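The values are calculated or read from the model by the stated rules, or taken from the named source; none is laboratory data. In this text, all values refer to a predicted model and were calculated from it rather than measured experimentally. Here the Cβ positions follow ideal geometry from the backbone for every residue, glycine too, while neighbour counts run over all protein chains shown. Just so you know, the surface numbers come from the protein's heavy atoms only, side chains and all, with ligands and any DNA or RNA stripped out. Shrake-Rupley method; radii C 1.70, N 1.55, O 1.52, S 1.80 Å.
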Amino acid sequence: MASEPHNETQAADHAGTTTDSEAPWADLEMTVPTDRDDASVVALVECALVELTHEAVGAVFVSRQVGRSTRTQYVAVDDVGDQFQKGHFDDRLGWHETTVPRRTVRDELITQLTRSASTSAERPGDEAAREPDTFEVKPVQDLRTP
């Protein structure tokens, strides 16, 4: 029993000293289009969903087009990861939030992240081709809000 407070203190100290770059979710990011195969993208999405369920992090997908960008963020709203808060910002339409099931988050992310280079290249203008779409997992406090 005497060791319990010491163990709790050690755990708190370790949590306080773990930087975002050392966190298990720190490398869950990519640009679109990607050279990853579909199975690799699905694995990345599944890993992201696990981290969203167990850590105070959110997944962010940013799509850029000429004169317009959209940002979609997902954050788990329960401890089992069945429901997620989806926040979507569009330069033209503003901010919209809704609650969606895990399956919807999974499907939306896989669809966005498996877009081919030709799909992205079909977007009008040279500026869009220079700035790829991005996906990353980041701490909830670093997510943008309206």
Fill in the blank from the handout: For ALA56, the lone unmet condition from (1) modelled with pLDDT of 90 or more; (2) touching a helix residue (DSSP H, G or I) at 6+ places or on another chain (Cβ under 7 Å); (3) open to solvent by 60 Å² or more (accessible area, probe 1.4 Å); (4) over 20 Å from THR145 (Cα atoms) is (4)
Exercise for the section: State the number of residues belonging to segment 76-114 that are touching a Pro at 6+ places or on another chain (Cβ under 6 Å) and under 22 Å from PRO33 (Cβ atoms). Expected result: 0
Fill in the blank from the handout: When segment 67-86 is checked residue by residue, the ones that are over 14 Å from THR134 (Cβ atoms), in contact with a helix residue (DSSP H, G or I) (Cβ under 8 Å, 6 or more places away or on another chain) and either aliphatic (A, V, I, L, M) or assigned to a strand (DSSP E or B) (or both) are TYR74, VAL75, ALA76, VAL80, GLN83, PHE84, LYS86
Exercise for the section: Test each condition in (1) open to solvent by 80 Å² or more (accessible area, probe 1.4 Å); (2) modelled with pLDDT under 90 for ALA12 and report the one that comes out false. Expected result: (1)
Practice task
Name every residue in segment 87-117 that is part of a helix (DSSP H, G or I), touching a residue at least 24 places away in the same chain (Cβ under 8 Å) and out of contact with any Lys or Arg (no Cβ under 9 Å at 6 or more places or on another chain), in order of residue number.
Solution key: ARG102, ARG106, LEU109, ILE110, GLN112, ALA117
Practice task
Can you give me the number of residues within segment 67-106 that are open to solvent by 70 Å² or more (accessible area, probe 1.4 Å) and out of contact with any strand residue (DSSP E or B) (no Cβ under 8 Å at 6 or more places or on another chain)?
Solution key: 4
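Among the residues of segment 26-55, count how many are assigned to a loop (DSSP other than H, G, I, E, B) and closer than 17 Å to VAL105 by Cα. First the steps, then the outcome.
Step one: filter segment 26-55 for residues assigned to a loop (DSSP other than H, G, I, E, B), giving 26-28, 33-37, 55.
Now restrict to residues that are closer than 17 Å to VAL105 by Cα: 28, 55.
Total satisfying the criteria: 2.
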Problem - Failed criterion for PHE84 (all others in (1) over 21 Å from VAL140 (Cβ atoms); (2) at pLDDT 90 or above hold) - result: (1)
Handout entry: Breaking point among (1) among the charged types (D, E, K, R); (2) modelled with pLDDT of 95 or more; (3) part of a strand (DSSP E or B), for ARG64
Key = (2)
